[in-house]
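Working notes for the structure below.
The values are calculated or read from the model by the stated rules, or taken from the named source; none is laboratory data. Predicted model only: the values in this text are computed from it and were never measured. Note that we place each Cβ from the backbone using ideal geometry, even for glycine, and neighbour counts take in every protein chain shown. Only protein heavy atoms, including side chains, enter the accessible area calculation; ligands, DNA and RNA are left aside. Shrake-Rupley method; radii C 1.70, N 1.55, O 1.52, S 1.80 Å.
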Amino acid sequence: MSDSSEPFSEEQILPAEAPEAPAVAAPEAPVAPEPEPDYVDTRPIPKRHDRLAILFLILLPTAFFADVLFGVNQFYMRDLTRYYYPTKQILRTIAYGGEFPLWNRWFSAGQPMAANPEHEAFYPLTWLILLPNYDLGFRLHILIHLYIALLGMYALLRSMELRPPAAFFGALSFGLGGLFLSYINLLPIMFCAAWLPLTCLYVRKFLFKPSVRDFALSALFLGLQCLVGEPTTVVQSGFLLGMYALYRGWYSTPRVAKMITNVAWIGLISLMAFAVGAAQMLPAADHVTDSARSRVFDFSLVSAWSFPWAKLAEVIYPNFLGYMSIKQVMWYWGGGLYPGMGSPFLFNIYCGLLLTALAIGGGFARRRGARFVLIVSLFSLLIALGGNTPLLRALYDAGIATAIRYPEKFILIAVFALILFASQMLQRILDGDKAVRDSAIGFVLAVTLVAAVIAVLTFFPIYGQTFSKIWGLTPGGGANKMIGLSANGWIVAAVRGGALLFLLWSVRFLKRKIWYVLALLFVCIDLGPVVHQLNPRMPQRFFTKSPEANKTLPPNRNEYRVFHESDWYGQEEVAKKYFSTGDAVYWIVRNGIYPMTPAGQGIATVMERDYDKTALLPTIDLVESVWDVKRSGRKDWWQPFVAMSNSWYRGIYRPYDAEWKRTKGRMKSAQPIQFVKVDPSPRYYFADQLVTIKDRKDFANQLIKNSYSRRVAFLTRNTFVPADGRVLGWRETANTAVIDVESNGRAFLVMSVTPHKFWNVTLSGKRVEPVVTNIGFQGLEVPAGRHRILMNYRNPHIERGVTITLIAAAILGALAFVRRS
């Protein structure tokens, strides 16, 4: 970080940065003349100012999340409860068993694990979950990224010649802003985005003054993002770096040559970063071709997760669309903007009213970088809007954007650029730039007047009527509650605006230390409620105490699986009742051990919903066949499937009214699911009948029209009359299985394990190729006699990727220690 005493040197902000001084002055596009600041602070910056800023950047998140840090409470919203907490338990269990988590046998009869970026198996900080206390490790591996984001952004802004107060403000706006905090329940995005400031820091340094050390650090930090493997965030990082490279080249001489050179450097940095992330990127790319990601997402799904126009108001009024959580209950009246979803993908994008005011003020004052930030932000917004503009539909129809699932993710580019630009504008105001200050004051005055007028209207019946009509609310207690919350929100917005007006106006005459204290209080009070609304907590026992339903299932968990049928019935009346119980909703999920939470109890499930859209294609085909047979009207539709999949239990709903009565309305203790035992079926068994099918649809049709024994096997090949056989015993680890069998002739062994090309199978020491059986499983022809069958899962892409990662990381790590000349 620079200790330069010049607050506005030629080395400025990304992307609102002035170019390095060329040997020969280059012509620049005409810009409006900038007035000289009234006062420029040229005093040297004492190191204690940086130390104090860093101390507060550590203390503030610690204070906000102390209950989580010290194990009193835990984050629980959305994917944290239903996916990330149990999947990290699986990863930990496998590692403690002495294996690498290549295969996840707890989901859908087995799925690739390390190849799936949702598990972040190769990301170093994931392995905090291996601490002796899992819950501590899980909490830390989330919270540590808050500190990385905050301190990384501070370092980036300080390197841009911003003094500690402006850099401190920018860091808070990023690390404790609504966008980054919305990532807490979307861990791969959070882990990836946390490293973006440090990536930008060293890329910027390298482009300003190339050095081996800065090149290496740029590639290493971008490589960490690749090791997480969240593709959308990596793409956005690359876009920001590429645009910045073009921006620097535009103001250099010769212009075109410099732009090409800068982009080439970014390409080389990206290539080395990909090498660092090869352990994840190579198997992930291969996994895409074998999984649900290889199929085009339905456009209605893509459109449902698009950024609505109305959400832009959140940069000014944080609760314009509602509240994600108040006492563990969501009051979100903007849910209709997300058809079929009811809530946003990104909970909130509010990063503080001061941030927005400074960015708008700098834009109106036409400060350098404003046009560039505007261009970048418009591009970001256009992609994020997704189905709300014709562009995405056109790209989708052209086959270009068919892999985009959550367009709303792309708003990161705009928010990140605005934070950097706003931080620079705060520095200008502190240095006496009247034009920026007055423009910011004018903007805040306008939004405050709007809030004040609406706040007054909330005292009249017309407000409630208009509010209900706009958001499509039906009369009742819920609508009245939302109207009341909205009314309070406008009053708070008016007060917030008034406080910020005073803050901006008083910068001219208040002593600087007093103003800094007031600004800190304002930002903390402004962002504090957003911090807690976006990330409510559950007591730690929510995760650590075993649900009662767990006790109803036998302890020999390795021998059977569960078909949690009820999880599919979200639109059924009984499901709607259970999931309309206010602050008990997540307790319903926990107590009913809905997928994917059973894995945390050591329970394997099959035929569950594919929450992250990464299930293997045979699994998807099997599930589609299940529902084809169910929709046909066959009363015992589930019987052949539970027999094929080693399911011993079906999870079905208990009657809601009876459970309400039993608990006396205290639904946090409700047991919504009962696990009904079915005829046990083994995981490995010999088929007594083989049936030839053409494809998945023929498979479903056969089950609809005919009745078969529980040991039938369906194959897309010529069949034979199988001899009898028996399984003498079997044992499994995460990545292997050993099955001892005996057959009386030419027999066929069904293995209720999901087929995949990386299963290596031997029969009495000889390599054999299993065949897809029953659409979603695999089988093997077995000759007469006793045999030992070995199954071993190995992914060669992981082995190659790890080798590349280790070599690249070692080379770049060594170069990172080269002293900067």
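Among the residues examined, I90 does not qualify as open to solvent by less than 70 Å² (accessible area, probe 1.4 Å), hydrophobic (A, V, I, L, M, F, W, C) and either modelled with pLDDT under 55 or not in a helix (DSSP H, G or I) (or both). For the stretch 153-224, the helices (runs of 4 or more DSSP H) that sit wholly inside it and include 3 or more residues that are hydrophobic (A, V, I, L, M, F, W, C) and more than 18 Å from L534 (Cβ to Cβ) are 164-175, 196-208. Every test in (1) in contact with an Asp or Glu (Cβ under 6 Å, 6 or more places away or on another chain); (2) surrounded by 23 or more Cβ atoms within 10 Å (Cβ to Cβ) is passed by E230 save one, and that test is (1). Tell me which residues, restricted to the stretch 464-481, are modelled with pLDDT under 90, in a helix (DSSP H, G or I) and open to solvent by less than 50 Å² (accessible area, probe 1.4 Å). Correct list: G478 only.
For the stretch 93-117, a tally of residues being under 20 Å from V228 (Cα atoms), open to solvent by 10 Å² or more (accessible area, probe 1.4 Å) and not in a loop (DSSP other than H, G, I, E, B) returns 3. Screening the stretch 296-317 for residues that are open to solvent by 10 Å² or more (accessible area, probe 1.4 Å), part of a loop (DSSP other than H, G, I, E, B) and in contact (Cβ under 8 Å) with a residue 60 or more places away in the chain and picking the one that is nearest to G489 (Cα to Cα) gives Y317.
Filtered by the rule that a residue be more than 15 Å from G352 (Cβ to Cβ) and not hydrophobic (A, V, I, L, M, F, W, C), the stretch 161-183 gives E161, R163, P164, Y183. Just one of (1) under 21 Å from the mean Cα position of the chain (by Cα); (2) more than 26 Å from A292 (Cβ to Cβ) fails for L130. It is (1).
Report yes if A615 is farther than 30 Å from V68 by Cα, open to solvent by less than 20 Å² (accessible area, probe 1.4 Å) and either over 22 Å from the mean Cα position of the chain (by Cα) or among the basic types (K, R) (or both), otherwise no. No. Tally the residues that are open to solvent by less than 10 Å² (accessible area, probe 1.4 Å) and more than 23 Å from Y76 (Cα to Cα), restricting the search to the stretch 173-198. Of the residues in that region, 3 qualify.
Does D67 count as part of a helix (DSSP H, G or I) and surrounded by 18 or more Cβ atoms within 10 Å (Cβ to Cβ)? No: the conditions fail for D67. Scanning the stretch 675-693 for residues that are assigned to a loop (DSSP other than H, G, I, E, B), crowded, with 19+ Cβ neighbours inside 10 Å and either hydroxyl-bearing (S, T, Y) or modelled with pLDDT under 95 (or both) gives a single hit, S681. The stretch 702-821 holds strands (runs of 3 or more DSSP E) entirely within its bounds, and those carrying 1 or more residues that are more than 30 Å from R213 (Cα to Cα) and open to solvent by 60 Å² or more (accessible area, probe 1.4 Å) map to 725-732, 766-768, 771-773, 777-782, 785-793.
Given the criteria open to solvent by 30 Å² or more (accessible area, probe 1.4 Å), touching a Lys or Arg at 6+ places or on another chain (Cβ under 9 Å) and modelled with pLDDT of 90 or more, does F320 qualify? Against the criterion (open to solvent by 30 Å² or more (accessible area, probe 1.4 Å), touching a Lys or Arg at 6+ places or on another chain (Cβ under 9 Å) and modelled with pLDDT of 90 or more), F320 qualifies. One residue alone among T719, T754, T773, T736 is modelled with pLDDT of 95 or more, farther than 23 Å from T289 by Cα and out of contact with any His (no Cβ under 8 Å at 6 or more places or on another chain), and that residue is T736. Among the residues of the stretch 333-391, those identified as assigned to a loop (DSSP other than H, G, I, E, B), closer than 21 Å to G170 by Cα and under 23 Å from the mean Cα position of the chain (by Cα) are L346, F347, N348, I349, Y350, C351, G352. Out of R731, R726, R711, one residue alone is closer than 25 Å to L617 by Cα and of a type in the set (K, R). It is R711. Residues in the stretch 587-611 that are part of a helix (DSSP H, G or I) and of a type in the set (G, A, S) were compared, and the one that is nearest to R541 (Cα to Cα) is G600.
Of all positions in the stretch 508-521, at least one carries a residue that is open to solvent by less than 40 Å² (accessible area, probe 1.4 Å), in contact (Cβ under 8 Å) with a residue 40 or more places away in the chain and within 30 Å of L445 (Cβ to Cβ).
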